[in-house]
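Asker: For reference, the structure I am asking about is given below.
The values are calculated or read from the model by the stated rules, or taken from the named source; none is laboratory data. Since this is a predicted model, take the numbers as computed values, not measurements. We place every Cβ from the backbone using ideal geometry, glycine too, and count neighbours over all the protein chains shown. What goes into the accessible areas is simple: the full protein's heavy atoms, side chains included, and nothing from ligands, DNA or RNA. Shrake-Rupley method; radii C 1.70, N 1.55, O 1.52, S 1.80 Å.
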Amino acid sequence: MDSLTHTVLGACLGQVLAGKKIGKKAMLWGAVANNIPDIDIFTSTWMSQADGLMAHRGFTHSILFALIVSPMLAFLFTSWYKKTTMTFIDWLLIFGTGNFLHIIIDSFTCYGTGWFEPFNHYRVTFNLLFVADPFFTISLLISAIALMILKKNHPARNKWAKGALAICMAYLVMAGVDKYKIDKNTRAQLSEQKIEATDYFTTPTPLNNFLWYIIAKNDTGFFISYQSVFDNDKNLAFTFHSQNRNFLNSLPSDQDLDKLKHFSKDYYVIEKKDSSYFFNDIRFGQISGWNDPTSNFVFRYKLGRDADNDLVIQRGRVEGSGKKALAELWVRMWGK
């Protein structure tokens, strides 16, 4: 998830765990704890784009990292805050829940999280939330603002924090129900349309959990569609995208390409434009694809040593984040 979500989630959780003992500082350290795994952002600044993609949500998002770092920080803070009633267990709860909640929440998105690093490079992903979902974050943000305003001994502080956390849990349950419905209809439609798929997955489109992006895979490419949980018509209009693996035969051996293929979990499409080849990790969706099924994919990586691929995913997202695109998304997510 985005840094704002991790921050306000940590602040609310910190209040619940330690607000009565250290006041508003509990919000600060709760927010810090929930952002610790993202220190990998700094280490990836001197890596290639492909290496950075593999490093992000890697070891610092692993169970091993959380098990090592949480007690270390708990020990340090127990030493620093000797004059408070905070114990080692209190600090361990703050940093332990912060680290583990971060890697769990991140695994709900399609990027994938390296829970088992460095022993296994498999990326855990449940495709339940988009990386930034204001519907998930808004109650936490409002609560965090209220907690900053309320005095440290105000009797309603924990009610604000617990209320926001409860709303988030309810939203996650709703997201699970939405995914179940979309998956069930996807399987029915693939069968009805006689599409032989070897695999499929569904994941939310940007900033919501109502309009879903659907990919069904076969040996030569991918069938892509979109569906809102509010759609009256449950028939899916699939658009086929050839994977074009044969294009790879024209390319020299490339370590970045091998890393990208692993990162994409084989959900990629190769495109050739003029004399250039592009690697598309199609898990991240298309730019306003719900309106134009032939639009470019968000993740487009130009293959070649001299290719400029800095912030490639972010560039794609920006293209689809204009006022017009967001207005169209808002309309489409409520169904047709």
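Asker: Quick check: pseudo-label points 7 Å beyond the Cα along Cα→Cβ at residue 230 and residue 325, how many nm apart are they?
Answerer: 2.2 nm
Asker: Oh, and also: Expressed as cubic angstrom per residue, what is the convex hull volume of the alpha carbon set of region 180-230? All intermediate terms of the calculation are to be shown ahead of the outcome.
Answerer: Values: hull volume 3.6 nm³, N = 51.
Convex hull of Cα atoms, per residue: 70 Å³.
Asker: Leaving ligands, DNA and RNA out of it, rank 89, 145 by accessible area with a 1.4 Å probe, largest first.
Answerer: The ranking, largest first, comes out as 89, 145.
Asker: Give me the Kirkwood hydrodynamic radius of region 111-205 in Å, from all C-alpha pairs, to one decimal place?
Answerer: The answer is 16.6 Å.
Asker: Sticking with this structure for a sec: Remind me, what semi-axes does region 125-172 give for its equivalent ellipsoid, largest first in whole Å, using sqrt of 5 times each Cα gyration tensor eigenvalue?
Answerer: Values: eigenvalues 128, 23, 8 Å².
Square roots of five times the eigenvalues give 25, 11, 7 Å.
Asker: For residue 198 and residue 82 in one chain, what is 0.36 nm times their gap in residues minus the Cα-Cα distance, to one decimal in nm?
Answerer: On the way: separation 116, 0.36 × 116 = 41.76 nm, distance 5.85 nm.
Once the chain is fully extended between residue 198 and residue 82, it gains 35.9 nm.
Asker: Can you work out D for region 229-282 in µm² s⁻¹ from Stokes-Einstein, where Rh is the Kirkwood radius over C-alpha pairs, the temperature is 20 °C and the viscosity is 1.002 mPa s?
Answerer: Stokes-Einstein gives a translational diffusion coefficient of 162 µm²/s.
Asker: Another question about this same structure. Could you list which residues have their amide H under 5 Å from that of residue 302, counting only those 5 or more apart in sequence or on another chain, with H placed in the peptide plane?
Answerer: 279
Asker: Across every pair of different alpha-carbon atoms, what Kirkwood hydrodynamic radius in Å does the chain reach?
Answerer: 21.6 Å
Asker: So, one more: Can you give me the orientation-averaged projected area of the convex hull built on the Cα atoms of region 141-286, in nm²?
Answerer: 13.1 nm²
Asker: May I ask you to rank 254, 219 by accessible area, largest first, using a 1.4 Å probe over the protein chains only?
Answerer: I get 219, 254, largest accessible area first.
Asker: Between residue 162 and residue 2, how high is the FRET efficiency from 1/(1 + (r/R0)^6) when r is the Cβ-Cβ distance and R₀ = 25 Å? Nearest 0.05.
Answerer: About 0.65, to the nearest 0.05.
Asker: Quick one: 3J(HN,Hα) in Hz for region 65-75, Karplus 6.51/-1.76/1.60 with θ = phi - 60°, rounded, Gly and Pro as x.
Answerer: 4, 5, 5, 7, 6, 4, x, 4, 5, 4, 5
Asker: Given the alpha-carbon gyration tensor of region 61-148, what are the semi-axes of its equivalent ellipsoid in whole angstrom, ordered largest first, with each equal to the square root of 5 times an eigenvalue?
Answerer: 27, 22, 6
Asker: Hey, could you get me the Stokes-Einstein D for region 254-300, Kirkwood radius over alpha-carbon pairs, 25 °C and 0.890 mPa s, rounded to whole µm² s⁻¹?
Answerer: The estimated diffusion coefficient comes to 218 µm²/s.
Asker: In angstroms, what radius of gyration and Dmax does region 110-150 have, counting Cα atoms only?
Answerer: Radius of gyration, then largest Cα-Cα span, for region 110-150: 15.7, 46 Å.
Asker: Tell me, what HN-Hα J-couplings in whole Hz come from the Karplus equation 6.51 cos²θ - 1.76 cosθ + 1.60 at θ = phi - 60° for each residue of region 252-264, using x for Gly and Pro?
Answerer: Using θ = phi - 60°, the values come out as x, 4, 9, 4, 4, 4, 4, 5, 5, 5, 5, 4, 7 Hz.
Asker: Cross-link partners among lysines for residue 336, C-alpha distance below 20 Å, same-chain residues fewer than 8 apart left out?
Answerer: 179, 181, 184, 234, 324
Asker: Specify, per residue and in Å³, the volume enclosed by the convex hull of the alpha carbon atoms belonging to region 203-307. Can you show the working numbers first?
Answerer: Details: hull volume 11.6 nm³, N = 105.
Dividing the Cα hull volume of region 203-307 by its residue count gives 110 Å³.
Asker: Okay, moving on. Just subtract the alpha-carbon distance of residue 248 and residue 126 from 0.36 nm times their residue separation and send over the number in nm, one decimal.
Answerer: 41.0 nm
Asker: Of all accessible surface on the chain at a 1.4 Å probe, what whole percent is carbon and sulfur?
Answerer: Numbers: 10530 of 16610 Å².
Ligands and nucleic acids excluded, carbon and sulfur give 63 percent.
Asker: What percent does the relative contact order of the chain come to when contacts are Cα pairs within less than 8 Å and at least six residues apart?
Answerer: Averaging sequence separation for qualifying contacts and normalising by length gives 13 percent for the chain.
Asker: Write down the Å³ per residue value for the convex hull defined by the alpha carbon atoms of region 1-157.
Answerer: For region 1-157, the hull spanned by Cα atoms encloses 112 Å³ per residue.
Asker: Still on this model: Hey, can you find the accessible area per residue of the chain for me, probe 1.4 Å, expressed in square angstrom?
Answerer: In whole numbers, the chain has 49 Å² accessible per residue.
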